[in-house]
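The values are calculated or read from the model by the stated rules, or taken from the named source; none is laboratory data. Nothing here was measured: the structure is a model prediction, and the numbers come from that model. Please note: Cβ atoms are built from the backbone with ideal geometry, for glycine as well, and neighbour counts cover all protein chains shown.
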Amino acid sequence: MKHIKRISIFACVFALMLTGFALSTGAKAEAEMPGIRVNGQRFVDGHGRVRIFHGINFIVGKQGKAEDLDDKFFAGCAARGFNVLRLGLYWCDIQPTPEGYDEDYLASIDPVFDLAAKYGVTVMIELHQDVYGKAASGYTKGAPDWACLTGGAKIRERPRFVWAEGYFWGKGVHNSFDNFWRNAKAEGKGLQDHYGDLWAMMARRWGGKPAFLGYDFMNEPYPGKEGGRVFRGLMTRIPLVALRHPVKLGKIGLSALRGEKLRLLNDLDGAMTREITKAGDKRVRRFDEEKYAPFLQKMAGSVRRESANGIVFMEHSYYSNLGIPFSAARPKDEPNLVYSPHGYDFIVDTEYYDNPGDDRVRSIFEEHRRAQQRLDAPVLVGEWGGEWGGQRWMAHCETLMDLFDSYGWSNAYYAFGGSWKWFDFDGYNFLARPYPMAVSGTDVAYKYDKTARTFTLEYTQSEDIEEPTIIYLPRDGKIDAGGLTVEVLPIESEGMPGARYIYLTGEAGKHRVTINNLQ
């Protein structure tokens, strides 16, 4: 789907939060951030605390330049509780020729990790692609031209209808993906071998950085020619499913006749949508098991030969964005694995997205929840979001954040519109919401009720963890900590004047923290 940031007290807060940081009069964090690893279905830090990540995406070359990721950007992120950045890079920018890597480009990325660490923000690297690459699709970035083995297919310079159409019927895209999955040779070496060497280089270069969180090997991998067959199957299935639901079909038709665009799809719920997407289940499962799982194993091996640091983030294919079940197995001998699904309503990228279907998208993430249970791994939702003209999509996003909180999921929002370079966070402050960044115990459950202006956190304090539980609050509230010692540390920020961190310490045992009257 289309994939579519002042400061003395601020850095002191993170210095206290990330134990081991040294404080200076300049309020800069000078020591390393604690390592993050996986324990069951939770992230934990080096002190044993459960960690939760909220953040955003930034694709270098699409939403701005590397130099846009400066102090102002990271200060803006941290003031809003964003403690993870999913940083997208393009293969074509890193390796424009097969002979080597663009050192100037890599050097422009190097400072990002140090600036992120300064503000307590972690960074996960992903290699981004949409419709494989420009030489395959004619209009998108991803793989370099030399890695686009199109089989001589005719390439259109621009899409006729929608940006993703190259996935559906683009022969150059299909051939390029098929050649990638079969590890066809380019310049005397297999494409996946080139790709694995690239990831090994990045692991050597950035895997030891304090802010480095992990590896996301490919954005929304696509099945190639089989993916085109999935699309045709879905289109064929739509009228058959519609005929099984004549009442809903009648309501949809009536809305169309009345010109009610934003109500047109209100009656197409998650269950009905799933009836349609079942048409792709078998082909997507075959891709996951036969092509994608071996690729993940190969890439995990490439980075682990260079560095034991960092987490492997496991995405699913493009079509699982729609809730088609994800079937790939975990890479063997990889304990630090996180499932990183994406999910959008299928009307994304259209004018209808100001009225997204909460039920449709909820059903997608419920399927991702089942995949999480199968994989027995934490979740960081790598892409999700809204944004289209009006205001209703914001309520949709808040509904999804409520769902993520109920699952204890981390997430990184994807902003569709324009560039983060001009994004001063105005209009997006709804993403800044109360949540526990670090919890010194187990049995963690939390909830933010916007209507009641209340946040609650329940957990069982561990005897062997001395570091505090930390809650991010975007605004002031009345704290009932149930006997825990409370320390409030305001964050200096023009954009979020009421933002603060709540530090909680106390005895081992069960605790309930309630924050009322959030302004």
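Considering every residue within region 247-261, establish whether at least one is on the phi < 0 side of the Ramachandran plot, assigned to a loop (DSSP other than H, G, I, E, B) and either over 24 Å from the mean Cα position of the chain (by Cα) or buried (at least 19 other Cβ atoms within 10 Å of the Cβ) (or both). Taking every residue of region 247-261 in turn, at least one turns out to be on the phi < 0 side of the Ramachandran plot, assigned to a loop (DSSP other than H, G, I, E, B) and either over 24 Å from the mean Cα position of the chain (by Cα) or buried (at least 19 other Cβ atoms within 10 Å of the Cβ) (or both). Across region 466-495, the number of residues qualifying as touching a Ser or Thr at 6+ places or on another chain (Cβ under 7 Å), charged (D, E, K, R) and at pLDDT 95 or above comes to 1. Quick check: anything in region 409-419 under 26 Å from G61 (Cβ atoms), at pLDDT 90 or above and of a type outside the set (S, T, Y)? Yes, that holds for at least one residue.
The strands (runs of 3 or more DSSP E) falling completely within region 36-86 that include 1 or more residues that are within 15 Å of N429 (Cα to Cα) map to 54-59. Could you please let me know if G76 is of a type in the set (G, A, S) and in contact with a Cys (Cβ under 9 Å, 6 or more places away or on another chain)? Against the criterion (of a type in the set (G, A, S) and in contact with a Cys (Cβ under 9 Å, 6 or more places away or on another chain)), G76 does not qualify. Condition first: surrounded by fewer than 21 Cβ atoms within 10 Å (Cβ to Cβ), part of a helix (DSSP H, G or I) and of a type in the set (A, V, I, L, M). Can you find one or more residues in region 95-107 that meet it? Yes, some residue in region 95-107 is surrounded by fewer than 21 Cβ atoms within 10 Å (Cβ to Cβ), part of a helix (DSSP H, G or I) and of a type in the set (A, V, I, L, M).
The set of residues in region 457-488 that are part of a strand (DSSP E or B) and surrounded by fewer than 17 Cβ atoms within 10 Å (Cβ to Cβ) comprises T460, K478, D480, T485, V486, E487, V488. Checking region 152-164 against the condition returns no match, with no residue being modelled with pLDDT of 95 or more, over 30 Å from A211 (Cβ atoms) and either of a type outside the set (G, A, S) or within 25 Å of the chain's Cα centre (by Cα) (or both). Is it the case that region 496-519 has a residue that's within 19 Å of F82 (Cβ to Cβ), among the β-branched types (V, I, T) and touching a helix residue (DSSP H, G or I) at 6+ places or on another chain (Cβ under 7 Å)? The answer is no; no qualifying residue exists.
Under the condition of being in a strand (DSSP E or B), under 27 Å from S493 (Cβ atoms) and of a type outside the set (D, E), the residues counted in region 445-456 number 6. Evaluate region 404-425: report whether one residue or more is within 21 Å of N39 (Cβ to Cβ) and in a loop (DSSP other than H, G, I, E, B). Yes: region 404-425 contains one or more residues that are within 21 Å of N39 (Cβ to Cβ) and in a loop (DSSP other than H, G, I, E, B). Does K282 meet the test of being of a type in the set (K, R) and over 23 Å from A143 (Cα atoms)? The answer is yes for K282. Using the structure shown, decide if G166 is out of contact with any Gly (no Cβ under 6 Å at 6 or more places or on another chain) and assigned to a helix (DSSP H, G or I). Here the answer is yes, as G166 does meet what is asked.
Among the residues of region 101-119, are any farther than 30 Å from G35 by Cα, within 26 Å of the chain's Cα centre (by Cα) and either modelled with pLDDT of 95 or more or not β-branched (V, I, T) (or both)? Even if it seems obvious, please write down each step before you answer.
Applying the first criterion (farther than 30 Å from G35 by Cα) to region 101-119 yields none.
No, region 101-119 contains no residue that is farther than 30 Å from G35 by Cα, within 26 Å of the chain's Cα centre (by Cα) and either modelled with pLDDT of 95 or more or not β-branched (V, I, T) (or both).
It is to be established whether one or more residues within region 289-304 are touching a helix residue (DSSP H, G or I) at 6+ places or on another chain (Cβ under 7 Å), under 22 Å from N39 (Cα atoms), in a strand (DSSP E or B) and at pLDDT 95 or above. No, region 289-304 contains no residue that is touching a helix residue (DSSP H, G or I) at 6+ places or on another chain (Cβ under 7 Å), under 22 Å from N39 (Cα atoms), in a strand (DSSP E or B) and at pLDDT 95 or above.
Of all the listed residues (L149, L127), the sole one being in a loop (DSSP other than H, G, I, E, B), among the hydrophobic types (A, V, I, L, M, F, W, C) and modelled with pLDDT of 95 or more is L149. Selection within region 374-393: residues that are modelled with pLDDT of 85 or more and either among the polar types (S, T, N, Q) or assigned to a helix (DSSP H, G or I) (or both). The member of this set that is nearest to R330 (Cα to Cα) is L375. Of the candidates Y435, Y428, the single residue that is at pLDDT 70 or above, touching a His at 6+ places or on another chain (Cβ under 8 Å) and within 22 Å of L85 (Cβ to Cβ) is Y435. The residue that is nearest to Y90 (Cα to Cα), counting only those in region 131-154 that are of a type outside the set (G, A, S) and surrounded by fewer than 18 Cβ atoms within 10 Å (Cβ to Cβ), is D145.
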